[in-house]
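Please treat every number below as a calculation from the coordinates, not as lab data. As the structure is a prediction and not an experimental result, all values here were calculated from the model. Please note: Cβ atoms are built from the backbone with ideal geometry, for glycine as well, and neighbour counts cover all protein chains shown.
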Amino acid sequence: MVIDMQRRSLLATPALLLGAPASAQGTRTLSIGVAAPVTTMDPHFHDAAPNKGLASHIFDGLTDLDERSRVIPALAESWERVEDKRWRFRLRRGVRFHDGQDFTAEDVVASIARTGRVPNAIAPFTTYTRSIETVRVIDPHTVEIVTKVVEPLTPGNMAQVKILPRRIAESATTEEFNRGTAAIGTGPFRLVSHAQSAVTELARHEGYWGEKPHWERVSYRPITGAGPRMAALLAGDVQLVDAVPSGDLERLRGERDVAISETVGLRLIYLWLDRRSAERTAAITGPNGEALARNPLDDRRVRQALSISINRQAIVDRILQGAAVPTGQFMPPGGVSHDPARPVIGFAPDRARALLAEAGYPNGLRLTLNGPTDRYLNGGQVMQAIGQMWQRVGIRTSVEPQPWNLFAGRLNQGNYSVALGGVGNASGDSSLALRIVAASFAPDRGFGTLNYGRYSNPSLDALIERAVSEPDDTRREALLREAVGAAMDDVALIPLHIQKNIWATRRGLTYTARADEQTRAWLVRPGAA
C-alpha cells in the first residue's frame with residue numbers, strides 16, 4: 001500500500017486581522033496563553049502534550065496528525081509497506097533546517113537513534129521507536145525502516161519523533177535544547193528565546209517547506225491559573241487560550257468578542273496506583289497513621305474499592321459541567337477499539353466498604369492523593385471531589401495538588417501512592433495507552449514509559465504485544481478490546497473521564513480544535529469578525 005497525499009495546508013490567505021496586535025513595523029504577532037508550561041525544549045525527553053504542542057512549531061516528523069489524529073505527510077511525502085516488517089519513506093526534497101542545512105535521510109537515521117539514548121528522560125519517546133530493528137539510508141531522500149515485529153502503526157509513530165540535524169541528534173544534550181542552542185528544526189517557526197515557565201518567543205521560518213504561516217511572530221505564554229488566563233483573553237492581552245474552564249463556557253459564549261472551538265478529545269483522565277513494591281507504598285497508612293505490613297494497592301479488592309467509590313457522572317456534571325465523558329475504558333464512544341459492551345464503572349459505595357473489609361481494612365485507610373493543578377481540566381477540583389467520596393467509605397484522604405512542573409519532576413521517584421494522570425490516545429485507538437500506561441515498565445522496548453506506578457501483569461503484556469502487532473484491522477480491534485478489558489478488570493489503573501478539548505479566540509480569529517490537545521499557532525486563522 002502506497003500513501004501519497006497533498007502536503008498539509010497550514011493557513012488561509014493572510015488577511016490582516018481586526019484587533020490583532022502589531023508592532024510599529026506592522027509585524028503580525030500572535031499571543032497564546034496555555035494552561036500547562038512546557039517542561040523541556042528537548043523533543044525527545046518528555047512525551048507530554050504541552051511539550052509536543054510547542055515542539056511542533058519548531059520541529060517536524062516524517063508524518064504528522066490532522067485534527068482527528070489521522071496520519072498525514074510531513075517531511076515524508078509518501079510511504080509504503082514493502083514487506084510485513086519493512087517500510088520505505090520517501091522524503092521531501094528542498095527542505096532546509098533553520099540553520100540553512102539541507103534535510104536528508106542521514107538526519108532521519110540519527111534522530112530516530114537518539115530517542116533511545118536521552119539520559120534521564122521523564123517519559124522517553126522509545127514508545128514510538130521500540131519496535132524498530134534498523135533504519136537504513138537508501139539514498140539522500142529515501143529511508144527504510146525494518147521493525148522487529150509487524151508494526152502497523154509505524155507511519156503514525158513517526159509523527160511523534162521529531163527530526164533534528166544529524167550533528168545535533170548525535171551530540172546535543174537536553175540542557176543545550178533548554179538553552180535554545182540546539183533547538184533547530186525544519187518547522188514553520190524558529191526559536192527566538194525560551195525561559196523555563198516563562199514566555200517562549202518564536203519567529204516565522206521564512207524558508208519553511210510548507211505554506212507560510214500568517215503570523216510573523218508568536219508569543220507562547222504559560223498562564224497556569226484559569227482565571228488569569230481567561231482575563232488575559234478578555235482584555236486582549238492574548239488572542240488564543242487553551243483549556244477553557246467548563247465554568248466559564250456559558251459566560252464566554254455570551255461574549256461578542258470571543259469564539260469557542262471544541263472537540264471530544266482522546267485523553268483519558270485516570271488515577272494511577274503505586275505498585276512498585278508489594279510490601280510498602282509511600283503515602284498510605286492505617287486509619288490512624290500506623291504503618292502497614294503490606295502495600296494495600298497490591299490487593300485487587302482495594303483497587304476496586306477505590307474505583308467504585310467514585311461517582312464519575314457527578315464529577316462530569318458538577319465539577320466539569322459537561323466538558324468530559326465519564327468512562328470505564330481508554331477510548332470515547334465511537335472510537336476505534338471502544339467497547340460498547342463495557343459500561344461506565346458504576347458508583348457503589350456500599351460495595352466499596354465491603355471490599356475494604358474483605359481485604360482486611362474494616363476501619364479504612366489513610367492516603368494522600370497527588371496530582372497537578374494546571375495540567376488537566378479542573379484537576380484540583382476533581383481531586384478534591386474524589387477525596388470527599390473516598391472519605392465517605394472510610395478512606396481518610398489528604399489531597400496535595402501541585403504545579404505541573406513540580407509534580408512532573410517527581411513522577412519517577414516513587415513518592416506518590418495514588419496520583420491523577422492523563423494519557424492521550426494519539427494512535428487513534430487504545431494501543432498507545434495500553435502500551436505506555438498498562439504494560440510493564442520496559443522503556444528500552446518502548447513499553448510502560450508512563451507507567452509511573454510500575455503495575456505489571458505478564459499475561460496482559462503478552463496480550464498487548466499481540467494486539468499492537470496485529471496487521472489485520474478487525475482482528476486488531478478485537479485484541480485491543482480484549483486487552484482493555486483485562487486491564488480494567490484487574491484495575492491496572494482507575495479510569496475517570498475523557499476530556500473535551502476547548503479553546504477560545506478573540507473575535508476575528510478561528511481555531512481548528514485538535515483531538516490531541518496540541519495548541520498550534522498556524523491553525524489560528526483570520527475568520528469572520
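Rounded to the nearest 20 debye, what is the charge dipole size of the chain about its Cα centre when +1 sits on each Lys and Arg Cβ and -1 on each Asp and Glu Cβ? Please report the intermediate quantities before stating the final value.
Values: 63 positive and 57 negative charges, 132 e Å.
Here the chain has a charge dipole of around 640 debye.
What size of dipole, in debye to the nearest 20, comes out for the range 91-172 about its Cα centre when the only charges are +1 on Lys and Arg C-beta atoms and -1 on Asp and Glu C-beta atoms?
That gives the range 91-172 a dipole magnitude of about 160 debye.
Evaluate the relative contact order of the chain (contact order divided by residue number), counting alpha-carbon pairs under 8 angstrom at least 6 apart; express in whole percent. Mind showing how you got there, number by number?
Numbers: 1231 pairs, mean separation 112.0, N = 529.
Worked out over the chain, it gives 21 percent.
Give the calculated FRET efficiency between ARG351 and ASN412 to the nearest 0.05, with a Förster radius of 25 Å applied to their Cβ-Cβ distance.
0.15
Working out 0.36 nm times the residue gap between ALA231 and VAL336, then minus their Cα-Cα distance, what length gain in nm do you get to one decimal?
So the chain would gain 34.0 nm between ALA231 and VAL336.
For VAL344 and ASP472 in one chain, what is 0.36 nm times their gap in residues minus the Cα-Cα distance, to one decimal in nm?
43.3 nm
Where does the range 265-499 land on the Kirkwood hydrodynamic radius, alpha-carbon pairs, in angstrom?
Final number for the Kirkwood radius of the range 265-499 is 17.8 Å.
Checking the a/c ratio against 1.5 first, then a/b against b/c, what shape does the Cα gyration tensor give for the range 23-104?
prolate
If I model a spin label as a point 7 Å beyond the Cα along the Cα-Cβ vector, how far apart are those points for ARG136 and GLN388 in nm?
6.2 nm
I want to check the label-to-label distance for ARG253 and ARG96. Put each point 7 Å from Cα in the C-beta direction and report it in nm to one decimal.
Result for the modelled spin labels: 4.9 nm.
On a 0 to 90 degree scale, rounded to 10, what angle separates helix 473-489 from the longest Cα axis of the chain?
Relative to the chain, helix 473-489 is tipped by roughly 40 degrees.
Which listed residue (LEU62, GLN101, PHE407) has the Cα farthest towards the positive end of the charge dipole for the chain, taking +1 on Lys and Arg C-beta and -1 on Asp and Glu C-beta about the Cα centre?
So the residue furthest toward the plus end is PHE407.
Go ahead and estimate [θ] at 222 nm for the chain from helices alone: -39,500 (n - 2.57) per DSSP H run with n ≥ 4, summed, over the residue count, rounded to 500.
-6000 deg cm²/dmol
Mind checking the dipole of the range 293-427: about its Cα centre, +1 per Lys or Arg Cβ, -1 per Asp or Glu Cβ, Debye to the nearest 20?
Approximately 240 debye in magnitude.
Please name whichever of ALA195, GLY265, VAL241 sits farthest to the positive end of the charge dipole of the range 141-278, dipole taken about the Cα centre and charges placed at Cβ: Lys and Arg +1, Asp and Glu -1.
The residue sitting farthest along the positive end of the dipole is ALA195.
Tell me the net charge near GLY334. Cut-off is 15 Å between Cβ atoms, GLY334 excluded, with +1 for each Lys or Arg and -1 for each Asp or Glu.
Combined, the nearby Lys, Arg, Asp and Glu give +2.
Using a Förster distance of 51 angstrom, determine the FRET efficiency expected from the C-beta separation of ASN288 and THR173, and round it to 0.05.
My answer for the efficiency is 0.60.
Where does the charge balance sit around GLN402 when Lys and Arg score +1, Asp and Glu -1, over other residues with C-beta under 13 Å from its C-beta?
That sum, taken over residues with Cβ under 13 Å, equals 0.
Enter the Cα centre distance for the pair the range 211-252 and the range 439-453, rounded to the nearest angstrom.
34 Å
Measuring from a point 7 Å past the Cα of GLU67 along Cα-to-C-beta, which residues in the range 420-443 have an amide N at less than 18 Å?
The answer is 428.
Can you bin the range 294-425 into rounded, prolate or oblate? Criterion: square roots of the alpha carbon gyration tensor eigenvalues sorted a ≥ b ≥ c, rounded for a/c under 1.5, prolate for a/b above b/c, oblate for the rest. Intermediate values should be presented prior to the final figure.
On the way: a/c = 1.55, a/b = 1.10, b/c = 1.41.
Since a/c reaches 1.5 but b/c is at least a/b, the shape of the range 294-425 is classed as oblate.
Report the label-to-label distance for GLU400 and ASP317 in nanometres (one decimal), using points 7 Å from each Cα along the Cα→Cβ vector.
The modelled label-to-label distance comes out at 3.4 nm.
Where the convex hull is taken over the Cα atoms of the chain, what is its projected area averaged over directions, in nm²? Spell out each step's value before the answer.
Numbers: hull surface 92.6 nm².
Answer in nm², one decimal: 23.1.
Just flag the GluC sites (Glu not before Pro) in the range 245-351 sitting in loop per DSSP whose Cβ has no more than 10 other Cβ atoms within 10 Å. Walk me through the numbers before you get to the answer.
Numbers: sites: GLU250, GLU255, GLU262, GLU279, GLU290; in loops: GLU255, GLU279, GLU290.
The qualifying sites are GLU279, GLU290.
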